[in-house]
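The values are calculated or read from the model by the stated rules, or taken from the named source; none is laboratory data. Model, not experiment: these values are computed from the prediction. No Cβ is skipped: glycine too gets one built from the backbone with ideal geometry, and neighbour counts run over all protein chains shown.
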Amino acid sequence: MREIASDARWRELMGAASGSRTEIMTAGDYYRMLKPSCQRVDVWRTTYHHPLASPRAVVEWFEGSGLRPYLDALPTAQHTDFLGAYEEQIKSNYPTAQDGSVLLAFPRIFIVATR
């Protein structure tokens, strides 16, 4: 998303949107932050692999969430071009299976902190 947003076609229009996605801290960061006030902290990271029908389905997955700040920064007339460029990037980064599907790697950090 950030890479497509930084393209010369959209860079000026993006403004603050290009840096709007929050970086996720590491499991160690969360542990160090919570441990001083907790007796026990368990932190783990799991990556779910969601089979989606196509690269376009990956785009649709993120249209209502991660892509929102970028689309909101663009005139509606440019949404199709931006999403098309994003889909092309998805195609080059997510191998397509024989049936046309792709596996979307979706990482999650889980934390259980006990005081």
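Which condition number in (1) outside any helix (DSSP H, G or I); (2) crowded, with 16+ Cβ neighbours inside 10 Å is the one that residue 105 fails?
Here residue 105 meets the rest and fails (2).
Can you find a residue in region 71-86 that is at pLDDT below 95, over 16 Å from residue 14 (Cβ atoms) and not hydrophobic (A, V, I, L, M, F, W, C)?
Scanning region 71-86 turns up no residue that is at pLDDT below 95, over 16 Å from residue 14 (Cβ atoms) and not hydrophobic (A, V, I, L, M, F, W, C).
Here's the yes/no breakdown for (1) hydroxyl-bearing (Ser, Thr, Tyr); (2) out of contact with any Cys (no Cβ under 9 Å at 6 or more places or on another chain); (3) within 23 Å of residue 114 (Cβ to Cβ); (4) touching a residue at least 12 places away in the same chain (Cβ under 8 Å):
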residue: 5; (1), (2), (3), (4): no, yes, no, yes
residue: 23; (1), (2), (3), (4): no, yes, no, no
residue: 46; (1), (2), (3), (4): yes, yes, yes, yes
residue: 52; (1), (2), (3), (4): no, yes, no, yes
residue: 76; (1), (2), (3), (4): yes, yes, no, no
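Can you tell me which condition residue 86 does not meet? The list is (1) without any contact (Cβ under 8 Å) to a residue 12 or more places away in the chain; (2) buried (at least 16 other Cβ atoms within 10 Å of the Cβ); (3) of a type in the set (Ser, Thr, Tyr), and all the others hold.
Only one criterion in (1) without any contact (Cβ under 8 Å) to a residue 12 or more places away in the chain; (2) buried (at least 16 other Cβ atoms within 10 Å of the Cβ); (3) of a type in the set (Ser, Thr, Tyr) is unmet by residue 86, namely (1).
Here is a yes/no grid of residues against (1) among the polar types (S, T, N, Q); (2) touching a helix residue (DSSP H, G or I) at 6+ places or on another chain (Cβ under 8 Å); (3) surrounded by 16 or more Cβ atoms within 10 Å (Cβ to Cβ):
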| position | (1), (2), (3) |
| --- | --- |
| 51 | no, no, no |
| 57 | no, no, yes |
| 94 | no, yes, yes |
| 100 | no, no, no |
| 109 | no, yes, no |
| 112 | no, no, no |
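Restricting region 1-54 to residues that are at pLDDT below 90 and in contact with a Gly (Cβ under 7 Å, 6 or more places away or on another chain), which is nearest to residue 97 (Cα to Cα)?
Step by step, filter region 1-54, then rank; the result is 1.
If you go through region 25-65 one residue at a time, how many are more than 16 Å from the chain's Cα centre (by Cα) and not in a strand (DSSP E or B)?
Residues in region 25-65 being more than 16 Å from the chain's Cα centre (by Cα) and not in a strand (DSSP E or B): 15 in total.
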